[in-house]
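**Student:** Quick one: the structure is below, questions incoming.
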Amino acid sequence: MSREEQQSAESLLQVRDLVKHYPIREGIFVPREVGRVRAVDGVSFNVHESETLALVGESGCGKSTTGRLILRLIATTSGQIDFMGHDLIQVGKRALRTVRRDLQIVFQDPYASLDPRLRVEDIIAEPLESFGLLPRRKERRERVHELLHEVGLSSYHADRYPHQFSGGQRQRIGIARALAVEPKLIVADEPVSALDVSTQSQIINLMQDLQERHGLSFLFISHDLTVVKHIAHRVAVMYLGKIVEIADKQSLYRTPHHPYTQALLSAVPKPDPSAHRQRIILKDDVPSASRIPTGCRFHTRCPLADAICREQEPPLKEVAGGHHAACHFASPFPIPVHDRPTMPGVETSVPIRQNIR
């Protein structure tokens, strides 16, 4: 059995050639399709049990769309999503409802994702009622209090409303709601991007604790490489709807092979202004997802681009043990120790525990 086949057999989630295109139509009475926005354009990856896979990239690269496709919150154009032996694209509504108990999401904006008219107790108990768990109100209330304590809040918070909490506390409530039905996989869509740095570290530590305690798997969607460095086991880098590099965290941060990943890492802010940094400046802007360049979609901004890059799209191939990159000229670019991403400010507030798995 090959390494890829062995990893697939051990995977909790397998995504193969996932595609989401949005048609562009013109005309009022007889609209016709004149193009397509290729939001996600052939994405493949695995998520293993008790693993955190981070999906990173610039805004608009398709990260959040990928997460919502996996949860079937939006319909796919094509592809395969295998979760615990179920093909989520082919299953019917009744079977999908059963599977969704094991698939939950934590949204980016904790205030917008919580109903302002409901008390915290009702917000967290809602999935329990929806799935027919703990039919007695007293049992649900006890479970809500247990979940609140688990995410670092208190029982008396159950009678408050979302507007009475800080951003970090609201995100803890969102995490408690996701945990209520004991899922196997949580899609965390930019869960700390709206929080200040010290609160980010608290939420990251909480997620790591919950992962160790419950054996959770996370698909962690983020654009912040400093946050990803502390929570992820593996990292997948997306650009214009495709994964251009995927590897374990240590390998990707130490020796990124794709020019886009190298540019992203070189742009990470450093807490020490006197520290030397070799910054890679990309030319031009990100192309529109409705006008994808021919060949390699990164060639319009790549400092290594050649004629072959404009003509042939590079496959995602293995360039080192378990390290894959989609580049005709993939080569390691060592990042000096003092240039590797750190989270400024957290040393004086709440330290982030390194995930060394």
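None of the figures in this text is laboratory data; all of them are computed from the coordinates on show. Being a predicted model, the structure only gives us computed values, none of them experimental. Backbone-built Cβ (ideal geometry, glycine too); neighbour counts: all protein chains shown.
**Student:** Report, in degrees rounded to the nearest 10, the 0 to 90 angle that the Cα long axis of helix 197-214 makes with the longest principal axis of the chain.
**Tutor:** So the helix axis and the longest Cα principal axis differ by about 70 degrees.
**Student:** Students often check this: by mean Cβ neighbours within 10 Å, which of 83-92, 61-70 ranks highest, and how do the rest follow?
**Tutor:** Going by the mean number of other Cβ atoms within 10 Å, highest first, we get 61-70, 83-92.
**Student:** Compute the long axis of helix 120-130 from its Cα atoms, compare it with the longest principal axis of the Cα atoms of the chain, and write down the angle in degrees, 0 to 90, nearest 10.
**Tutor:** Between helix and principal axis, roughly 80 degrees.
**Student:** Here is a follow-up. Highest mean first, how do 146-159, 168-181 rank when packing is the count of other Cβ atoms within 10 Å averaged over residues?
**Tutor:** For the peptides 146-159, 168-181, the packing ranking is 168-181, 146-159.
**Student:** Where does the chain land at 222 nm, in deg cm²/dmol rounded to the nearest 500, when only DSSP H runs of n ≥ 4 count, each adding -39500 (n - 2.57), divided by all residues?
**Tutor:** My calculation for the chain gives -8500 deg cm²/dmol from helical runs alone.
**Student:** Considering the values [x] 68, 61, 50; [y] 90, 50, 37; [z] 83, 47, 39, which represents Cα extents along the principal axes in Å as calculated for the structure under consideration?
**Tutor:** Looking at Cα extents along the principal axes in Å for this model, the match is [x].
**Student:** Compare the peptides 246-256, 34-44 by average per-residue count of other Cβ atoms within 10 angstrom and give them in order, highest first.
**Tutor:** My ranking of the peptides, most packed first, is 246-256, 34-44.
**Student:** With everything on Cα atoms, drop me the angle between helix 137-150 and the longest principal axis of the chain, reported from 0 to 90° to the nearest 10.
**Tutor:** That helix lies at roughly 50 degrees to the long axis.
**Student:** Still on this structure, please answer the following. Under a point spin-label approximation (7 Å from Cα along Cα-to-Cβ), what is the ALA75-SER155 distance to one decimal in nm?
**Tutor:** So the label points at ALA75 and SER155 sit 4.8 nm apart.
**Student:** Between ASP115 and GLU182, what FRET efficiency follows from the Cβ-Cβ distance if R0 is 25 Å, with the result rounded to 0.05?
**Tutor:** 0.70
**Student:** Once every Cα of segment 165-225 carries one equal point scatterer and solvent is ignored, give the base-10 log of I(q)/I(0) from the Debye formula at q = 0.14, 0.23, 0.26 Å⁻¹, two decimals.
**Tutor:** -0.36, -1.01, -1.27
**Student:** Right, something else. Normalising by the residue count of the chain, find the relative contact order in percent from Cα pairs under 8 Å and 6+ residues apart.
**Tutor:** 19 percent
**Student:** Could I ask something else about it? For segment 209-276, what is the convex hull volume of the alpha-carbon atoms per residue, in Å³?
**Tutor:** 110 Å³
**Student:** Please give every one of the lysines within straight-line cross-link reach of LYS93, meaning a C-alpha to C-alpha distance under 30 Å, and leave out same-chain neighbours fewer than 8 residues apart.
**Tutor:** Cross-link targets: LYS20, LYS63, LYS184, LYS242.
**Student:** I need the fraction of alpha carbon pairs in segment 61-160 separated by more than 23 Å, rounded to a whole percent.
**Tutor:** Cα-Cα pairs in segment 61-160 separated by more than 23 Å: 40 percent.
**Student:** Ok, one more. Would you give the gap between the C-alpha center of segment 281-325 and the C-alpha center of segment 215-238, rounded to a whole Å?
**Tutor:** Each part reduced to its Cα centre gives a spacing of 22 Å.
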